[in-house]
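**Q** Here it is, the structure in full.
Every number here is computed from the coordinates shown, using simple stated rules; none is lab data. The structure presented is a predicted model; accordingly, all values stated were derived computationally and were not measured. No Cβ is skipped: glycine too gets one built from the backbone with ideal geometry, and neighbour counts run over all protein chains shown.
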Amino acid sequence: MDKIVGIIAAGGIPYVMLLVAMSMTGLSGAAAITAGLTLLGPGGMIGGVITLAVAGSIAAALTDYGFDVLFRAVIKKLYEKGETKSSIKMKIEKGYYSKRLKDRALSELEKL
């Protein structure tokens, strides 16, 4: 499931970025795509394509590594601020995360 989310994010984020840029132009069709790509990056359309590629790569990396690292950091901060392990565990179990991510977060909590 996490792999699928990574693939969707890697493709979806650049797509949304292009759609927003296209909607800002007030044009339609190929003219909107051209103008949207020009708006996205320095250097015209080529820069826009590069910007979208970089955004996709960053999104893919975040879905592969970022969530786990982010969860670990948040769990450590909550514990350092004085929350109990049981209250942190309750927050993890209530969240809308994948089972794999919950298991990792709970194992990280047990290490504290």
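**Q** Under 14 Å between alpha carbons, and skipping anything fewer than 8 positions from residue 94 in its own chain: which aspartates and glutamates qualify?
**A** Within reach: 103.
**Q** Just how large is the dipole of the chain about the Cα centre, in debye to the nearest 20, putting +1 at every Lys and Arg Cβ and -1 at every Asp and Glu Cβ? The partial results should precede the final answer.
**A** Values: 14 positive and 9 negative charges, 98 e Å.
Here the chain has a charge dipole of around 460 debye.
**Q** Further question on the same structure: How about region 18-112: which trypsin sites (Lys or Arg not before Pro) there lie in a loop by DSSP and see at most 12 other Cβ atoms within 10 Å?
**A** Numbers: sites: 72, 76, 77, 81, 85, 89, 91, 94, 99, 100, 102, 104, 111; in loops: 81.
Listed in order of number, the matching sites are 81.
**Q** Another question about this same structure. Considering amide H positions built from the backbone, and no H for Pro or chain starts, which residues 5 or more places from residue 83, or on another chain, come under 5 Å of its amide H?
**A** none
**Q** Separate question: Work out, step by step, the length gained on full extension between residue 107 and residue 54: first 0.36 nm times the residue separation, then minus their alpha carbon distance; give nm to one decimal. Present the calculation step by step, with values, prior to reporting the outcome.
**A** Details: separation 53, 0.36 × 53 = 19.08 nm, distance 3.26 nm.
Fully extending the segment from residue 107 to residue 54 adds 15.8 nm.
**Q** Same structure again: If each DSSP helix of 4+ residues adds -39,500 (n - 2.57) and the sum is divided by the residues in the chain, what number results at 222 nm, nearest 500 deg cm²/dmol?
**A** -26500 deg cm²/dmol
**Q** Ok, one more. Rg (Å, one decimal) plus Dmax (Å, integer) for the alpha carbons of the chain?
**A** 19.4, 56
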